[in-house]
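The values are calculated or read from the model by the stated rules, or taken from the named source; none is laboratory data. Owing to the predicted nature of the structure, the values given are computational and were not obtained by experimental measurement. Note that we place each Cβ from the backbone using ideal geometry, even for glycine, and neighbour counts take in every protein chain shown. To get the accessible areas, we keep the full protein, side chains included, count just its heavy atoms, and leave off ligands, DNA and RNA. Shrake-Rupley method; radii C 1.70, N 1.55, O 1.52, S 1.80 Å.
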Amino acid sequence: MRRTLIALIALVPLIGCDKPAPKPQERPPAPVTVQRIVPRDVPVTFEYVGQTESTRQVQIRARVDGFLNERVYTEGSLVKTGDVMFRQDPKPFQASLDAAKGALGQQLARLQTANDNLARVRPLTAQKALSQKDLDDATGQQQAAAASVETARADVRQAELNLGYTTITTPVTGLSSYAQVQDGSYISSANSLLTYVAQVDTLWVNFSVSENDMLQFRDEQASGRLRVPERDGYVIEVVLSDGSVFPQKGRITFANADYSVQTGTFLLRATVPNPDATLRPGQFVRVRIEGAVRPNAILIPQEAVLQGAKGHFVIVLDQENKAQVRPVQVGPWQGNNWFIDSGLAAGDTVVVDGVAKIVPGATVKIVSETTTDAGPTPPAPHRPIGVIGDQKK
């Protein structure tokens, strides 16, 4: 009996081995969001750091030496053409003008005497009552007196100018700077600079494009990946430090032909209207250049692009909704999206959300389909594309 129980116990594992092993449960298809590729013309913008500059900054200087009586204008205020800014002590210059006028009166009296003398000598010489020498002497005295009158008149005009220079006005309309010389100071050629006036109704915005960016831009234009506006008609948008967009648009009006060996860049300049004087000279701003278009561009979200040992790739779906790895060549960023230069074509289905849940060859479940916003959004600041070819001056 004991032997029979042992034999039965020994047969139990063998009986269990005859049962088939349970099949592993198949994983359900991973839910994903996809985008179907539809090439389209995409407006693009390029962004650089710029600095504003006055189109005309004038030095207000004293033209004559003398004491500064008063500063008339309010420092930092908007002054208009012809407004008085400073006044110097006019008394010494008024005295010089009076003296010059007195000297002119003396010379006019001498000229009158010389004219009368010549009028008497000329007929007497014709009657042989006086010699030719007497006529020559009278003529010379009259001409010398006339020349002295002209010199005296010039002295009067110079004295009038000097007196007028004591009232110092601005030749342009713009924002005034602080006074660099205080009331009561003696003004000479060493300290004749009194202040500045910067014209601000129109401003320049200077920015630089690197040589690499410029070459990349020209290469993309030549290959047809980038289409520029006719006659370089780019539109300039100025972004302030707080992120707000300046309401006035500008145009690129100057491109320096020289390459800066110090910075490795080309200088560009945009002219921007500034009617309310919102912008001030010297401000650092961001310059957005609009007007270029990428024709038949493919744009997908950045999260859809992965990077491996052999470069960038995306996950595409075949007709059976099976995931496949597709290597791609990426271009620049456009906001939160990425331009794809090669590797994708119209009609391809790209996984844009849920990539981490799938493996190549696995079947997935499409739960939603999205499109890429191709509107003009600012590019990533660390991946700018150079702009502007031959500028029309």
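What percent of all Cα-Cα pairs in segment 61-145 falls into each 5 Å bin, going from 0 up to the bin containing the maximum distance?
3, 12, 13, 10, 9, 7, 7, 6, 7, 6, 6, 5, 4, 2, 1, 0
What residues qualify as long-range amide H neighbours of THR253, i.e. H under 5 Å apart, gap of 5 or more or another chain, H built at 1.01 Å from N?
ARG269, ALA270, THR271
Which whole-angstrom value gives the distance between the alpha carbon centres of segment 134-211 and segment 46-98?
A separation of 12 Å, based on Cα centres.
Which value, to two decimals, describes the C-alpha radius of gyration of segment 21-177 once divided by 2.2 N^0.38 Å?
The value comes to 2.71.
Across all directions of projection, what mean area in square nanometres is found for the Cα convex hull of segment 275-376?
10.1
Return the calculated 222 nm mean residue ellipticity for the chain, to the nearest 500 deg cm²/dmol, obtained by summing -39500 (n - 2.57) across DSSP H runs with n ≥ 4 and dividing by the residue count.
Value at 222 nm, helices only: -9000 deg cm²/dmol.
How long are the three semi-axes of the equivalent ellipsoid for segment 277-329, computed from the Cα gyration tensor as the root of 5 times each eigenvalue, in whole Å, largest first?
Square roots of five times the eigenvalues give 41, 15, 10 Å.
Among residues other than PHE93 whose Cβ falls under 12 Å from its Cβ, what is the net charge (Lys/Arg +1, Asp/Glu -1)?
Result for the neighbourhood of PHE93: -1.
Suppose the Debye formula is applied to equal point scatterers at every Cα of segment 233-323; what is log10 I(q)/I(0) at q = 0.14, 0.20, 0.21 Å⁻¹?
-0.79, -1.06, -1.10
In sequence order, what are the phi-derived ³J(HN,Hα) couplings for segment 246-256 according to the Karplus relation 6.51 cos²θ - 1.76 cosθ + 1.60 with θ = phi - 60°, rounded to whole Hz, with x for glycine and proline?
For segment 246-256, the Karplus-derived couplings read 5, x, 8, 9, x, 9, 6, 10, 7, 9, 5 Hz, x marking Gly and Pro.
Under a Cβ-only charge scheme (Lys and Arg +1, Asp and Glu -1), can you give me the dipole magnitude of the chain about the Cα centre, in debye to the nearest 20?
Here the chain has a charge dipole of around 900 debye.
For VAL352, which sequence-distant residues (separation of 5 or more, or a different chain) have an amide H within less than 5 Å of its own amide H, given hydrogens modelled in the peptide plane?
THR33, VAL34, GLN35
Taking amide H atoms as placed 1.01 Å from N in the peptide plane, list the residues 5 or more away in sequence, or in a different chain, whose amide H sits under 5 Å from that of VAL328.
Under 5 Å from the amide H of VAL328 lie the amide H atoms of HIS312, PHE313, VAL314, each far enough along the sequence or on another chain.
Quick one: with all protein chains in place, what share of the accessible area of the chain is carbon or sulfur, to the nearest percent (1.4 Å probe)?
It is 52 percent, rounded to a whole number.
Would you work out the Kirkwood radius for the chain? I mean one over the mean of 1/r across all pairs of different Cα atoms, in Å.
Hydrodynamic radius (Kirkwood, Cα only) of the chain equals 29.8 Å.
Evaluate the distance, in nm, between pseudo-label points positioned 7 Å from the Cα of GLN127 and of LYS357 along their respective Cα→Cβ axes.
Simple spin-label model gives 13.3 nm for this pair.
Calculate the FRET efficiency for ARG280 and LEU193 from the Cβ-Cβ distance with a Förster distance of 25 Å, rounded to the nearest 0.05.
0.75
Restricting to DSSP loop positions (anything but H, G, I, E, B) with no more than 16 other Cβ atoms inside 10 Å of their own Cβ, which GluC sites (Glu not before Pro) remain in segment 44-129?
Of the GluC sites (Glu not before Pro), the ones in loops of segment 44-129 whose Cβ has at most 16 other Cβ atoms within 10 Å are GLU75.
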